[in-house]
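The next block holds one structure in the form of structure tokens; read it before the comments.
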Amino acid sequence: MASDLTHPVAAFGLGVALGASPGPVQLLVFSEAARGGATRGLRAMAGANATFCLMLVLLAAGLSSIDPGQTFLSVVRVIGGGFLVFLAIDALLENRRRQQVEAAPGGLHPAVRGIVAVLLNPGAYVFLATTGTAVVADAAQDGGRGLAFLTVAALLAGVSLMDSGMVLLGTGARRVSERALRILGDVLALALGALGAWLIVLGFVG
């Protein structure tokens with residue numbers, strides 16, 4: 001039984017590494033927290049993590065044969081990249097409206113942004129089709145479906161831990177001056193836009 005626990009422990013470490021890796025979801029969570037505080041950041045995180053959790057649960061339930069083809073990945077990259085570019089433009093415009101509108105930022109609900117950021121992130125599908133499948137299948141082979149679900153929970157816990165850190169960092173960014181916050185928001189928006197443009201290019205040339 002003790003040896004079976006190595007699967008959840010390893011999965012937790014994998015989740016921490018995954019959550020710490022710069023990517024669309026991490027940038028989105030940080031950006032939302034910086035723009036609207038901890039509540040907005042946590043909503044974006046909840047949407048993203050709930051969606052990723054559903055994917056992992058389906059994987060643990062037996063859908064471990066996901067094998068996205070090149071055409072599928074190309075389409076997801078283009079659509080996902082387009083969504084990130086949309087988020088970047090929306091963030092840049094919202095930074096310009098900040099002085100006139102002090103209420104919570106408008107547009108898409110933060111949870112919806114988080115959901116779409118995961119659904120249109122090709123990295124999520126690649127992870128599920130490769131590393132995710134291997135980790136869950138190995139746990140299921142050694143300890144059955146129960147251990148597979150425990151492994152999934154540990155992986156999600158690691159991701160959530162790091163995402164929570166991004167929320168805290170983003171919330172702390174609100175303590176700086178309005179000008180510095182606007183500059184930070186612009187930098188994050190440009191980073192999102194650059195990621196989106198890169199995904200679109202990969203989608204067409206991949």
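Read the figures in this text as sums done on the coordinates, not as results from a lab. The structure displayed is predicted, hence computed values, not measured ones. Here the Cβ is made from the backbone with ideal geometry for all residues, glycine too, and neighbour counts use every protein chain on show.
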message: Report the Cα centroid-to-centroid distance between region 76-91 and region 150-170 in angstrom, as an integer.
response: 24
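Kindly provide the trypsin sites (Lys or Arg not before Pro) of region 117-175 that DSSP labels as loop, not H, G, I, E or B, and whose Cβ sees at most 11 other Cβ atoms within 10 Å. Present the calculation step by step, with values, prior to reporting the outcome.
Values: sites: ARG145, ARG174, ARG175; in loops: ARG174, ARG175.
For trypsin sites (Lys or Arg not before Pro) across region 117-175 that sit outside H, G, I, E and B with at most 11 neighbouring Cβ atoms in 10 Å, the list reads ARG175.
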message: Between PHE86 and THR131, what is the label-point separation in nm under the 7 Å Cα-to-beta-carbon projection?
response: 2.8
Residue-wise HN-Hα coupling along region 124-137, computed from phi with Karplus coefficients 6.51, -1.76, 1.60 (Hz; x: Gly, Pro): 5, 6, 5, 4, 5, 6, 10, 4, x, 4, 4, 5, 5, 5
In order through region 146-158: 3J(HN,Hα) via Karplus (6.51 cos²θ - 1.76 cosθ + 1.60), integer Hz, x for Gly, Pro: x, 5, 5, 5, 5, 5, 4, 4, 5, 5, 5, 4, x
query: What nm distance separates the two modelled labels at LEU190 and LEU161, each placed 7 Å from Cα along Cα→Cβ?
result: 3.4
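Would you mind ranking SER31, SER74 so that the residue whose beta carbon has the fewest other beta carbons within 10 Å leads the list?
Details: SER31 28, SER74 17.
Final ranking by Cβ density, sparse to dense: SER74, SER31.
Counting other C-beta atoms within 10 Å, which of HIS109, HIS7 has the fewest, and how do the rest follow?
Working: HIS109 13, HIS7 23.
In order of increasing Cβ crowding within 10 Å: HIS109, HIS7.
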